[in-house]
Amino acid sequence: MTTLDTTPEEATAESHGEYHQDMSFQPKANRIGLWLFIVSETFLFGAFLSARWFSTGTLKPEELNQALALLLTIVLLVSSISAYLAETSIKYDHRRNFVLFIVFTIVMGLIFMGGVTIEIKEALHAYPPETPYGTSYFMLIGLHAFHVITGLLALTMVLILGLKGHYGSKQYWGVEGVVKYWHFVDLAWVIIYPTLYLF
Amino acid sequence: MKYLVRAFVLGIVGYAVGVGLTMAIRGGGPTDEVAVVIGYIFALMGWLGGIGGIEAFGRQWVGKSVEVSTARGWRRYFQFSVDHKVIGIQYGVTLLSVLLIGGIAAMIMRVELASPGVGIVDLDDFNKIVSMHGILMVAVAVAGIIGAFGNYIIPIQIGAQDMAFPRLNAIGFWLVPPVAIALLMSPLLGAFNAGWTSYAPLSVTNESGQILFNMAIVTFGMSSILGGINIITTVITMRAPGMTWGRLPIFTWAGLATSVLAFAVTQFFAAAVILITMDRVAGTSFFQPDVGSALLYEHIFWFYSHPAVYIMVLPGFGVILEIVTTFSRKPLFAYKAVVASLFAIVGLSVVVWAHHMFTSGMANFLHGPFMIITEAISIPTGVIFLGILGTLWQGRLWFRTPLVIAFGWLFNFTIGGITGIFLADVATDIHLHDTYFVVAHFHYTIVGGSIFALIAAVFYWFPKITGRMYNEKAGSIFGVWLTVFFNLTFIPLFWAGMNGMNRRIGDYPDAFEGANKFASVSALILGASFLLFVGNLLYSALWGPKVGPNPWNARTLEWLIPSPPPEHNFTSQPVVIGSPYAYGVKGSVHAYFPDANEGDDPGDGSAQNQETVLA
Ligand code: HEM
Ligand SMILES: [Cu+2]
């Protein structure tokens, strides 16, 4: 094992004597890779969404907690704005703002998860997974919650690394990647919410 | 080996911990399906952690520097290597082994089917063996060419040192052994008898082996998606100077098209089996017989699995095109039209899935459109065929094993494609659906189109990868043997199917005995041919005659570097200045190395005076 301060991607070029492959492709590759991943995730959500439309159409129970759902939607949308502001801050080396906005985003995410927990509790009584609506409901909410949790973990990691001073205007790919992912999680909710609650 | 042992140990420990935790929290036995699911997830984590995959990323996430393995020789094949060439070989060897295991299952089935009535296995076991055979072979066909040669050859063909995301690439490979292990362990939980398609509602109510099948599919899906993303990004961002889209080798094009499909549809198979899993462990009712919908399963499943047949065969097109231009010493015919057709197929293949459902009871008005779009796929497929035939036309054919197998491929795939039309036609399909006609059709397309191409690719790139030449005589004998007995095995099954012999059952009416006996005997001889194949490869890899960089006088970049390629592929930056396929065009050069030192020249001046060699 050799220890390198670089990633293997860069090491490939480095450890080799004279010929250094031009590594300028890496940032572009990271971005393309992330976008492809997001598109691919979109299709996954698409599969589950179409399952909902296919098996239950617009059927939905009376007991849905519309107020809470609307509130959670707003919470999540606000968190997207703060995530964006965090990314912009680090791009301009405003480290303090960066930390503030990331923390704010994480708190919003946690509030969202808390709300989802309440909703699931109610749902287990009103429309359990055995019912046709409950089937789609739990599947979509579960899939989305899983993504929120991974998003929160990633945001926490970015926060810790940020506090350690890993990011700056020269190097913010970690922040950018996680924030894009977070936007995706929000966007997914913007489609799931009407599918489950409005139509 | 140390890491592999650690991976196995941590995998087993992980499984035990997962099962134990579940039992502690919610009670129940160790074979409860929830426990198996959680156990599998922990086992997978343990496995990836043991092999070093989690560390490879995790260190960076906690702000530490990344370590890469610098092992050489045999050891690197047994550990988390980020070298795309090592990964390619890992894929190749793993999947060829899976091919042989799946082949043994096939032999058992053919023996059972040699005569009507219940023979060596009872009917339920037969269904389990069919299912196992099906999914193992589908895995080989889906990942064989793209996993082994996509990884090994594509970066070199575009003049790159590695993939865009080497660590993801390695994770992609190390997700594959757990898939094979889960599938092969499933008999401990009663195996799965719902076919490789695992149609609901049977797959919601059968034995717990189905759970392992589901987990394996999700894992394999992740591997395919990561691989697809990696290849697309690599081809977009890492091409050498001068490697314009119009000069991209055709195998790379085919790999790119395949990757686009793989990363966009694989989720649907994963989604389908996740829904099944939820129905089994979380109490949902997507496909439960009373409230759920079996049609929903078929839609989601085929939305992946029809495009999947093109994930299997597009890289095969690439391989065969590459081989015919090399061995007929002519420029690739209709290069641009062929590339366009590859992508036309990608587009069309996601809107034809319901041709598998003509007898399933879906709405009648859907039949017509799906029939017509399906048949429209024959147009781009035909263009690719024209590309192959036009390249062969009036060429000075150099019959080496790869070309021999390519001819077998051409014959098989023609039959596979033409029989597809009868299945796409609603009227005839209602008669042929779920008979051996379908079985014969998809063996002609998948074995004939994908596995044949995989084998041709093995022979074509064998000297490059090992630095040694396989035995030509044994190779061509194998090629002919394979082609002849493959056809003798499956031709009779068209007849049996047309006359109504059902698929997926270990028994049949006496009237079909003749055809089945014939197919069984041919199949056993076909199976035996693989001894020659494997023997040839093993012997030649160790003791075959050494070869130079370019035994075929081919022009793409992988042939301009030593065999086997050095650790970082290129010792100086390649610059591309012309088409890779301008065979026989005086003075044309595909690529050269402007800053190569004297010592770096592979020795035969392949880059510079290739034209004089060929003229
Ligand atoms: C012109 C080209 C093709 C056409 C029109 C076509 C059409 C069809 C149709 C309509 C079916 C459904 C038959 C039924 O179940 O009743 C079918 C089955 C199948 N085809 Fe094709 N096909 C074509 C090429 C291919 C290719 C290239 C592959 C693979 C490389 C392939 C693999 C399969 C498989 C695996 C099945 C059966 C799946 C199953 O039920 O287990 N086909 N084909
Ligand atoms: Cu199909």
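Give the number of residues within the stretch B:53-90 that are hydrophobic (A, V, I, L, M, F, W, C) and more than 12 Å from chain A (Cβ to nearest Cβ).
6
Please pick out the residue among B:ALA424, B:ALA523 that is over 30 Å from B:HIS84 (Cα atoms), within 16 Å of ligand 2 (Cβ to nearest atom) and touching a Ser or Thr at 6+ places or on another chain (Cβ under 6 Å).
B:ALA424 is the lone residue from the list that is over 30 Å from B:HIS84 (Cα atoms), within 16 Å of ligand 2 (Cβ to nearest atom) and touching a Ser or Thr at 6+ places or on another chain (Cβ under 6 Å).
Out of curiosity, is B:VAL313 within 13 Å of ligand 1 (Cβ to nearest atom), of a type outside the set (Gly, Ala, Ser), away from chain A (no Cβ under 14 Å) and in a helix (DSSP H, G or I)?
In short, yes.
So which residues in the stretch B:131-168 are within 10 Å of chain A (Cβ to nearest Cβ) and part of a helix (DSSP H, G or I)?
Result: B:PRO166, B:ARG167, B:LEU168.
Which numbered condition trips up B:ILE38, out of (1) buried (at least 20 other Cβ atoms within 10 Å of the Cβ); (2) within 14 Å of chain A (Cβ to nearest Cβ); (3) β-branched (Val, Ile, Thr)?
All conditions pass for B:ILE38, except number (2).
For B:TYR297, which of the numbered conditions (1) free of Cβ contacts under 8 Å to residues at least 60 places away in the same chain; (2) within 25 Å of B:VAL265 (Cβ to Cβ); (3) more than 12 Å from ligand 1 (Cβ to nearest atom) fails to hold?
Among (1) free of Cβ contacts under 8 Å to residues at least 60 places away in the same chain; (2) within 25 Å of B:VAL265 (Cβ to Cβ); (3) more than 12 Å from ligand 1 (Cβ to nearest atom), B:TYR297 violates only (1).
Which condition number in (1) within 14 Å of ligand 1 (Cβ to nearest atom); (2) surrounded by 15 or more Cβ atoms within 10 Å (Cβ to Cβ) is the one that B:ILE372 fails?
(2)
Right, B:LEU366: more than 14 Å from chain A (Cβ to nearest Cβ), out of contact with any Pro (no Cβ under 8 Å at 6 or more places or on another chain) and either among the small types (Gly, Ala, Ser) or away from ligand 2 (no atom under 14 Å from the Cβ) (or both) or not?
Spelling it out, it is not the case that B:LEU366 is more than 14 Å from chain A (Cβ to nearest Cβ), out of contact with any Pro (no Cβ under 8 Å at 6 or more places or on another chain) and either among the small types (Gly, Ala, Ser) or away from ligand 2 (no atom under 14 Å from the Cβ) (or both).
Residue-by-condition table, conditions (1) within 14 Å of chain B (Cβ to nearest Cβ); (2) closer than 30 Å to A:GLY57 by Cα; (3) not in a helix (DSSP H, G or I):
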| site | (1), (2), (3) |
| --- | --- |
| A:PHE101 | no, no, no |
| A:THR105 | no, no, no |
| A:MET113 | no, yes, no |
| A:LEU124 | yes, yes, no |
| A:VAL179 | no, no, no |
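Quick one: how many residues across the stretch B:243-299 are facing chain A (nearest Cβ under 10 Å), polar (S, T, N, Q) and part of a helix (DSSP H, G or I)?
So the answer is 3.
When only residues in the stretch B:192-217 that are among the β-branched types (Val, Ile, Thr) and surrounded by fewer than 22 Cβ atoms within 10 Å (Cβ to Cβ) count, which is nearest to ligand 1 (Cβ to nearest atom)?
Applying the filter and picking the extreme gives B:THR197.
How many residues does the stretch B:339-367 hold that are β-branched (Val, Ile, Thr) and surrounded by 18 or more Cβ atoms within 10 Å (Cβ to Cβ)?
4
Yes or no, residue by residue, for (1) closer than 29 Å to B:ILE236 by Cβ; (2) more than 21 Å from the chain's Cα centre (by Cα); (3) modelled with pLDDT of 95 or more:
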| position | (1), (2), (3) |
| --- | --- |
| B:ARG72 | no, yes, no |
| B:GLY88 | yes, no, yes |
| B:GLY117 | no, yes, no |
| B:ASP124 | no, yes, no |
| B:PHE149 | yes, no, yes |
| B:TYR152 | yes, no, yes |
| B:PRO155 | yes, no, yes |
| B:MET163 | yes, no, no |
| B:LEU168 | yes, no, no |
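The values are calculated or read from the model by the stated rules, or taken from the named source; none is laboratory data. Quick caveat, the model's predicted, so the values are computed rather than measured. Quick reminder, even Gly has a Cβ in these numbers, built from the backbone with ideal geometry, and neighbours come from all protein chains shown.
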